Amino acid sequence: MSSLLTPRTALATILAVFPLLFVGCQAASARPTQAVADPAGEVPADLSLDLWVRLGFGVGERARIEERNVRLVLLSDGTLCAATERLPPEGRRPARVRRLAREQMTELWSALRASGFASRSTAEARGSVALIEPGNGEVLATLELLANGQRIAYARRYRPDDERESAMRALVRSVASLAWASDEALVESAEIPTRYDLGADPYARFAPRMKDGAKDGAR
């Protein structure tokens, strides 16, 4: 018997195998693809912000970072600039503190979205928020955010003795912690440094000679 297939037999074989190949392709395409999620890919490439906390007249020294003069500037490359208390004049950025890693940029972007500060529909301020002044006895926190080519600005006011604007307060604390800025310890709770007795003064034996020399010079 010849091992070669006749044209009719070859055609029958192809027709028999083709449905199996088609079913196999369907099964392979029906399998869910496990795409690797990249949270960092969701961070806008142009993400930058300017977070500014200013105190109105009558607001005394406070311990909490969100109730003190603070300026936090984040550039799109992750460079974080910060200053507390003595802020640079308008038009100048604070000194560079550090550069955030990609994971930290991702966490910050997630915090902005979770707190409602990443959507143009929630923006409350128009124009330059730097021109807004805090009122007497209040704290003014302004945020200018650039993301996905859109500029979003917010201005929030609260008083040191209330708990309003918790989202803005939390955002200030979050960004400030990335800049290693924390609450100032109150004077009454500050830890007094321990001083150790190192023994007698090694220069005490020179004191009489110095006094005699001073008397001789006075004559």
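Count charges around residue 88 for me, please; just the other residues with Cβ under 15 Å from its Cβ, Lys/Arg as +1, Asp/Glu as -1. Before the final figure, lay out each step's value.
Values: positive: 54, 71, 86, 92, 93, 96; negative: 50, 85, 90.
Residues near residue 88 contribute +3 overall.
Multiplying the residue separation of residue 203 and residue 164 by 0.36 nm and subtracting their alpha-carbon distance yields 8.1 nm. With a simple spin-label model that places each label point 7 Å from the Cα along the Cα-to-Cβ direction, the separation between residue 76 and residue 101 comes to 2.4 nm. Normalised by 2.2 N^0.38 Å, where N is the number of residues, the C-alpha radius of gyration of the stretch 66-111 stands at 1.23. Below 12 angstrom from the Cβ of residue 46, what's the summed charge of the other residues (Lys, Arg +1; Asp, Glu -1)? Taking every other residue near residue 46 into account, the sum is 0. Other residues lying with their Cβ under 15 Å from the Cβ of residue 73 contribute a combined charge of +3, Lys and Arg counting +1, Asp and Glu -1.
Where a number appears in this text, it was derived from the coordinates with a stated rule and is not lab data. All figures in this text were calculated on a predicted structure; none of them were measured in a lab. Cβ atoms come from the backbone with ideal geometry, glycine included; neighbour counts cover every protein chain shown.
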